[in-house]
Every structure is written in C-alpha cells, then in structure tokens.
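Please read the structure below before turning to the comments.
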Amino acid sequence: SIFSELNNIKNISMLPEYEGICGITKEELLTQMSDDIDELAASQRLTREQTVEKLRDNYDGYHFTWPSSDVYNPYSLLNCFADKMFDMYWFASGTPTYLIEMMRKFEVAPSDIGEGMDAVRSDFDAPTERMETLTPLLYQSGYFTIKDYDPFSELFHLGIPNREIRVGLLGSLLPNYLGHKGGGATAVAKMAMHVNRGDMDGALCLMRDFLATVPYCDNTKYEGYYQQLLYIIFSLLTNYRMRVEVRTHAGRIDAVLETADRIFVMETKFDRPALEAMRQIDEGGYADAFKDSAKPVTKVGISFKVKDGGNFAEWVIE
C-alpha cells in the first residue's frame, strides 16, 4: 500500500554501528563469558586457548556488514556452555528440507555453496518470495554470511560462516547422493582417520566398500554426480579444505583436498580407467600448480562405474 502504516521503520541491518546486535562479539565472549570458557575447557580437557579456537571454528564468522567484527551464533554458543560440550546446536534446531528443494530448483550444486558466491547487495537483501537465485535464502537463513567486499565493483563475497554450518549442511545433503542410505556419516568419520594419517588408499577403500552397497539410479550415470559426492564426503572431513574445478594454466582439476601437511590432487572418470584420470593429471601438469607449496603433493586418479546394481570405484595413487 502507498499509505503504509509502517513508513517510519528504518532498516538497520547493514549499518556498522549495529554490527554485533544479532549475536555475541569476540570481546563479549572473552570478557563477559570468561568463566564459561574456563569451565568448558576443563570439561573438554582442553587449554583455554584451544577452547577459544574451537569455539571460533564452530560458532563464529557471521558478518552483517563490511567491515565488521566477527559475531558468534548466540544460540549455539549458549547451548555449548550450558551442556559443556561442542555440538551442532543451531543446525539441529531445524531441517534444511526447503533449502535442498530450492537447490534442485535453481540447479545449485553442493560445491557452489561450499565455494561461496559473489553478489551485489540487492541480490542477498531481496525478499525470498520473489528471489530469482538461491542467494537471498542462503544469506537470510544464516547458511551464508558476508566474507569480503570489493568497494570498486561493489561486490560482496558470501560464504558459509563456520564449521557448524558447513558440516551440518553438507551432512544433510549426503543422503540425497546415497539414495537416503544410512551409515554415510560413520563411513566419512572412519575415512577422516585414514586421511589424517596420509593414507588415501585406506580412505578410498572405505568409500568403495560403502558405495558398493548403494543402489545406483539415473542421476549416478555421469561424472559430475561423483565429483559432487566426493566434494561432500571430503568436505565433511574435519579441518580439511576441499575445492572442485580448480583452475590451472593447463585446465581444471576435478578436486583438490588440502590437509594440515599434504595436498591431494584428484581427477575422476566415469566408466573409464583410473589410469586415464592419472594420465590427465600428468599431461595437464596439475601437480605443478602446487610446487611452491611446502606440502608434498599426492596425485589420485579415480574411476567410478555402475556394476551389478551398485557403485564401484577403482583408483591409482602416486
């Protein structure tokens, strides 16, 4: 209505003076909640510094303008202190079913969300009922936050704020790639132990054994399906960075997994030999893109196939 009774309302969402109004800032955490940190540390048998770092990784990272102080999720933080344990409190308070449906509608892949999106302010501040992309829903529901801003182009970079959201969201997407078969989270947790030891062969053995029990369907018969499945599985591994379609001077690498002390360059094929994937890594010089890194590089060629009604994988590692 042009005669709105709410014409005296002012939107303060992105004003710098209100940047911390919707959460708990780092300063508030370290001063007003100092005793809570110490009690949580004692309960978890961590040092105070380790506890603060883990709180930051799990519940921090929200920005409602730029530049902005980091803002902690108050719901998760207070529940963590109350229970004296780390958990996915905010994510467990609701289900992302609608979000998953909208991802299908707008053809958004899990890796698109994991890598983040660039947007002008009107893109993520738009009413969700009239949205033409998934960006407003991701931002306004808390799955995305402002990560950076370029004043020249006036572009905001939006991305997942913290580990609680990343693990919770990608974990909820995993059943959609496994035909809603249970046990995926357990398999991923076991894979993480192998990757942490640098044993990619052991991790892929666990993945192969699990995928062999998952019935195939129409959308599994192409390479992109397995690339996204790999992205979800390896993104769920604790404290590792997973990227897909990484550009180099000679092409695009299907996936790159970076751990604390190693880099895995991975190429996938569907119904073609794993050696062909390894040959592409070598011919494209994909490992050379990381030669300036202090970390050793492991090349992984993976082949996925549909076999006897299930999914089969073989690989070559150098």
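The values are calculated or read from the model by the stated rules, or taken from the named source; none is laboratory data. Quick caveat: nothing in here was measured; it's all calculated off a predicted structure. When we count neighbours, we look across all protein chains shown, and the Cβ atoms used for this are built from the backbone with ideal geometry, even at glycine. The protein model used for the area step is the full one, side chains on, heavy atoms only, and it has no ligands, DNA or RNA in it. Shrake-Rupley method; radii C 1.70, N 1.55, O 1.52, S 1.80 Å.
Quick notes
- Extension gain for residue 18 to residue 249 (0.36 nm times residue separation, less C-alpha to C-alpha distance): 78.8 nm.
- From its DSSP helices (H runs of at least four residues, each -39,500 (n - 2.57)), the chain gives a residue-normalised ellipticity at 222 nm of -12000 deg cm²/dmol.
- The packing ranking, built from the mean of other Cβ atoms within 10 Å per residue, places the peptides 273-282, 161-170 in the order 161-170, 273-282, highest first.
- Surface composition of region 1-118: carbon and sulfur make up 52 percent of the accessible area, probe 1.4 Å.
- √(5λ) per eigenvalue of the Cα gyration tensor, the chain, largest first, Å: 36, 25, 20
- Largest to smallest in accessible area, the residues 291, 84 fall in the order 291, 84 (1.4 Å probe, all protein chains included).
- Spacing of the two label points (7 Å from each Cα toward its C-beta) at residue 42 and residue 11, in nm: 4.8
- Among the chymotrypsin sites (Phe, Trp or Tyr not before Pro) in region 1-98, those placed in a DSSP loop whose Cβ has at most 13 other Cβ atoms within 10 Å are 3.
- Solvent accessible area, Å² - residue 270, 1.4 Å probe, full protein context: 40
- Shape category assigned to region 134-174 from the gyration tensor of Cα positions, a/c cut at 1.5: prolate
- For region 100-151, a Kirkwood hydrodynamic radius built from all Cα pairs, placed in the Stokes-Einstein relation at 25 °C and 0.890 mPa s, yields a translational diffusion coefficient of 214 µm²/s.
- Approximate spin-label separation residue 208-residue 97, in nm, with each point projected 7 Å along Cα-to-Cβ: 3.8
- Sorting the segments 8-14, 23-29 by their residues' average number of neighbouring beta-carbon atoms within 10 angstrom, most packed first, yields 23-29, 8-14.
- Average accessible surface area per residue within region 34-97, 1.4 Å rolling probe, Å²: 52
- Helix 163-177 axis versus longest C-alpha principal axis of the chain: approximately 50°, rounded to the nearest ten.
- Sulfur and carbon atoms: percent of accessible area, region 233-305 [1.4 Å]: 43
- Modelled label reach - residue 57, point 7 Å along Cα→Cβ, region 238-270 residues with backbone N closer than 12 Å: 238-241, 260
- In the chain, the longest principal axis of the Cα atoms and the axis of helix 223-235 are about 60 degrees apart.
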